[in-house]
Structures are given as C-alpha cells and as structure tokens.
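Notes to accompany the following structure.
Derivation of every value follows stated rules applied to the coordinates shown; laboratory data play no part. Treat the numbers as computed from the prediction; the structure is a model and nothing was measured. Every residue, glycine as well, gets a Cβ built from its backbone with ideal geometry; the counts of neighbours run over all protein chains shown.
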Amino acid sequence: MTDWLKLLGMIFYAPLRGMREVRDHGSLGPAVLCAYLSQVAYIFATQWLAGDRSLLTHGPLIIGGAFFQGVAPILTIAIVFVPLLALTTNLFDRRGSFSVVLQQEYGSLASVAFYVFAATSLLTILIAAFFHFSGFQAAYFASMAQYLGSQQFQDMVHWLRASADEVAQLKVQLADPVFVSSNLFSTVRFALFAIGGVATVRVVFRVPVLRAIAILLLTSLVSLPLVRVFYPLFHHILGSPFLLVFAFFLLRGYFSSIVSTQRARASFKQNLEAATINPRDSSAHYNLGLIHQQRGELDQARERFHRAIDIDPEELDAHYQLGRIARAQNRLPDAVGHFEQVVQRDQAHAQHEIWREIGATYNAAGQYSDARDALERILDRRPNDPEALYLIGRAHAGLGDQKEATSSMQACIEAVKTAPAYKYRMEKRWLNEAQQFLKGRKQEAVKQ
C-alpha cells in the first residue's frame with residue numbers, strides 16, 4: 001500500500017518523475033484501485049460541496065449506488081481511452097502492429113493514466129473546496145443566474161435553434177445550484193486530466209509536446225462518441241450480476257496476459273540493474289543502455305554505454321550505439337569517432353549496417369563523397385536496403401549527379417514496394433522520403 005501512495009504523492013510534487021516511476025515500476029492492480037477510490041471520494045466530496053446532501057440523508061442505497069457509479073469511469077479509461085490512445089500514437093509514430101504495441105505498452109500506459117486520473121480527482125476536490133469556502137462558487141452561480149436574463153443567452157438560444165422545451169429545460173438546469181456547481185467542478189477536472197493526458201503520452205511514448213497534444217486531441221475526438229455509447233452500457237453491466245460474471249471471464253485472460261507482460265518487463269530491468277553490481281559485467285550496462293535508448297532517455301543511455309566500454313574496451317555494440325546517439329544529437333565528429341572504433345575491429349558489424357550509419361553521418365556533415373563511398377560498402381552486400389538506397393541518392397544529389405540520385409530514389413521506392421508485409425511497415429518511411437525527393441526535383445524542373 002505504501003508503494004502506490006508514494007507513487008501518487010510523487011505525481012503531485014514531481015509529476016513527470018512520478019509518471020516515469022509508475023511507467024517503470026508501477027503495477028496495474030494498485031493503479032486501478034487508486035483510481036477507483038479517488039473517483040468515489042470525488043463523487044462524495046463534490047456532491048456535498050455542490051449542495052447535494054442526498055448521500056447523507058437517503059441511507060445506504062444511495063451510498064452503495066455511488067460506489068457502483070465509481071466503476072464506470074475506470075472501465076471507460078481501461079476499455080476505451082487507453083486502447084485508443086495507443087492506436088492513435090501508433091498512427092503518428094509507427095512502432096509495429098496495433099496488437100503488438102497494445103500488448104507491450106498497455107500495462108504501463110494504463111497504470112500511468114490511472115494514477116493521473118487519481119491525482120486529478122484529488123486535486124479537483126481541493127480546488128472545489130477552495131471554490132466553495134472562498135465564495136467563488138456562489139459568485140459563479142450568481143453570474144450564471146444573471147446570464148439567464150441577458151441578451152447573450154437569447155442570442156445563444158437563437159444560434160442553437162433550440163425548441164421551447166429545450167430552452168425551458170436549460171433554464172431549469174442553470175437555475176439549479178447543484179447542477180451548475182457540479183459542472184464547474186467537472187470542467188476543472190477535465191482540464192486537469194487533459195494536461196495530465198499530454199504528460200502521459202510524453203512519458204510513456206516519449207514524443208514531443210506538440211505531437212502529444214495532437215495525439216490527445218485526436219483520441220478525444222474519437223473517444224467522445226464512443227463514451228456516449230459505452231458509458232450507459234457499463235452502468236447496465238454493473239447492474240447485472242450475470243453480465244458482470246460474463247465480462248470477467250471474457251476479459252480475464254487478456255488482462256492477465258497484459259499484467260504478466262508488464263511484470264516481466266519490470267523484473268527484467270530490475271535484474272539487469274542488479275547485474276550491474278558485478279564490476280566485470282559489461283553486457284548488463286549495455287542492455288540497460290538499450291532500454292534507456294528505446295525510451296528516449298539518451299543521457300542515461302550514453303552513461304550506460306560508456307560504462308560498458310570502460311569495463312570492456314572491445315564492446316563494439318556500445319560504440320555503435322554511442323555513434324547513433326551522437327548522430328541523432330548532431331554531434332557528428334563524435335559519431336564518426338565511435339563508428340571508426342567499430343570498423344577498425346569489425347567491418348561487417350551489425351550485418352554491415354555500420355556503413356549505413358557512417359554514410360548517414362557524412363551526409364549530415366555535407367561530406368557527400370565520403371558518404372557515397374561508405375554507402376556503396378553496404379549496398380555491395382545488401383543491394384535492396386531501402387534506407388541505404390535513399391541515403392546514397394541524397395549523396396549523389398549533394399555531388400550534383402542528378403541522374404544517379406533519381407535512379408537511387410526509384411530503386412528505394414521499388415525495394416520498399418516489393419518488401420514483405422512486415423518489412424514494408426518498417427521501411428515505408430523511406431518510400432515516402434524518396435517520393436518527396438523526386439516530387440521536389442520535378443517541381444524544380446518545372447520552375448526552370
């Protein structure tokens with residue numbers, strides 16, 4: 001119990017670090033429980049602060065209903081929001097098939113989302129209490145009452161083309177302090193959860209802020225109509241013991257598999273960290289570096305790779321990955337230095353992919369002749385490598401050889417189109433890049 005309380009507290013005082021801890025070490029079960037308890041607390045607290053005392057005056061039946069009511073948002077997040085978030089992210093940044101991404105990332109993504117939901121619910125309770133006792137809530141309701149008799153309200157009704165019955169119903173709702181206050185609190189929580197959602201996407205999928213915002217917006221647009229369908233359905237399921245048992249047996253195997261995958265990944269990292277205690281084990285540091293690199297934590301990855309090289313100077317894979325990181329960070333001389341360490345010992349390293357990395361580095365540095373020479377080394381062995389074909393096309397273009405550049409780009413496109421389905425998904429980026437290059441050349445030719 002102390003672990004999930006610690007993680008929840010960390011999200012309050014160090015949100016991003018807390019989310020990373022949940023991603024790496026959090027379990028799905030405690031996250032669900034934490035979210036559920038916070039939702040029940042939110043229902044009781046906000047209804048009381050809004051002026052609805054029915055939970056205190058109508059006995060255990062209403063209170064029991066509140067406990068059941070707390071389950072529906074949890075199911076919505078688990079079954080609608082999290083899978084859609086994974087699907088949308090995979091559309092923006094292709095990581096594999098949707099089923100594979102969901103299997104790998106669902107546990108971490110759902111755990112972070114539930115902790116964020118719990119934190120936003122508790123924070124909303126504090127904000128609602130401040131609104132209530134500071135007088136802001138009463139002032140907000142008074143302004144809403146004035147709005148009902150204003151010309152702005154009439155203009156809004158005219159713009160919406162609402163019927164007389166709809167206008168009458170809207171006036172009744174806006175004249176109800178419980179309804180107005182509840183909507184105020186819900187708006188606050190929605191805004192907080194949106195901010196937390198952006199942070200969740202950034203931490204779990206390691207994408208830039210603008211892309212995270214775009215992913216969340218698209219997910220929300222798709223989720224809203226689905227929530228209108230599934231939310232009432234979840235209430236029906238919760239009210240039927242038979243449907244509850246059926247849903248349990250239907251989903252038990254799937255969620256058990258997800259939880260097992262999450263635990264296995266966490267255990268693997270913990271075992272690797274334990275293995276680094278051995279001062280002679282360079283492979284543990286290297287494998288931890290790969291994990292950090294995959295997550296976009298490049299500084300931690302560099303530290304692990306350097307430690308692996310300190311232990312074993314012949315650890316070529318660590319030099320190779322350090323070169324790739326240096327190239328990604330535009331530290332081109334460092335990248336070349338690490339790649340030279342590799343080719344001096346093994347010119348066929350990583351199935352000759354070392355030459356592709358060298359060629360890409362020289363291209364970025366504007367050394368197109370050196371890039372061409374390096375890329376020819378890999379194409380001699382792998383003539384249908386799409387990325388190498390694209391890169392050598394860029395090198396030919398940099399050297400002014402437009403005919404060879406066009407030929408290489410066309411070969412790149414053909415290599416991707418004729419690739420097996422699984423490889424096509426991974427290499428499609430180079431097809432798009434080559435097509436854009438050829439399109440740009442055609443436009444330049446037309447202008448001339």
Most positive-pole-ward Cα, Thr76, Leu87, Ala142, against dipole of the chain from beta carbon charges: Ala142
If packing is taken as the mean number of other Cβ atoms within 10 Å per residue, what is the order of 431-437, 387-393, 161-167, 314-320, highest first? 387-393, 314-320, 431-437, 161-167
For segment 298-313, Karplus couplings with θ = phi - 60° (6.51, -1.76, 1.60), whole Hz, Gly/Pro x: 6, 5, 5, 5, 4, 4, 5, 5, 5, 5, 4, 5, 4, 6, 9, x
Using 7 Å Cα-to-Cβ label points, what is the Ile195/Val178 separation (nm, one decimal)? 3.0 nm
Global form of segment 278-350, assessed from the alpha-carbon gyration tensor, a/c cut-off 1.5: oblate
Each label sits 7 Å from Cα toward the beta-carbon; between Glu404 and Leu226 the label points are separated, in nm, by 5.0 nm
In debye to the nearest 20, the charge dipole size for the chain, taken about the Cα centre with +1 at each Lys and Arg Cβ and -1 at each Asp and Glu Cβ, equals 680 debye
Cβ neighbours within 10 Å, averaged per peptide: list 135-145, 368-378 in order, most packed at the top. 368-378, 135-145
Simple label model, 7 Å out from Cα along Cβ direction - His158 to Glu414, nm: 6.8 nm
What value, in deg cm²/dmol to 500, does the helix sum -39500 (n - 2.57) over DSSP H runs of n ≥ 4 give at 222 nm once divided by the residues of the chain? -28000 deg cm²/dmol
Would you list which aspartates and glutamates come within 15 Å of Lys6, measuring only between C-alpha atoms, while excluding same-chain residues fewer than 8 positions from it? Glu21, Asp24
Would you work out the relative contact order for segment 271-410, in percent, from Cα pairs under 8 angstrom that are 6 or more residues apart? 12 percent
Overall dimensions of the chain by Cα: Rg and Dmax, Å: 28.3, 84
Under the definition of Cα pairs under 8 Å and six or more residues apart, what whole-number percent is the relative contact order of the chain? 12 percent
Among 112-122, 24-34, how do they line up from the highest to the lowest mean number of other beta-carbon atoms within 10 Å? 112-122, 24-34
Quick check: residue separation of Asn384 and Asp165 times 0.36 nm, minus the Cα distance between them. What number comes out in nm? 72.0 nm
GNM top mover of Ser99, Ser181, Ser282 - the chain, alpha-carbon springs below 10 Å: Ser99
In whole Hz and in residue order, list the ³J(HN,Hα) couplings for segment 209-224 that follow from phi through the Karplus curve 6.51 cos²θ - 1.76 cosθ + 1.60, θ = phi - 60°; x for Gly and Pro. 4, 4, 5, 4, 5, 4, 4, 5, 4, 5, 4, 5, 4, 6, 5, 4
Contour minus Cα-Cα span, Lys428 to Ala214, at 0.36 nm per residue, comes to 74.8 nm
Derived scalar couplings ³J(HN,Hα) [segment 31-43; Karplus, 6.51 cos²θ - 1.76 cosθ + 1.60; whole Hz; x for Gly, Pro]: 5, 5, 4, 4, 5, 5, 4, 5, 5, 5, 4, 4, 4
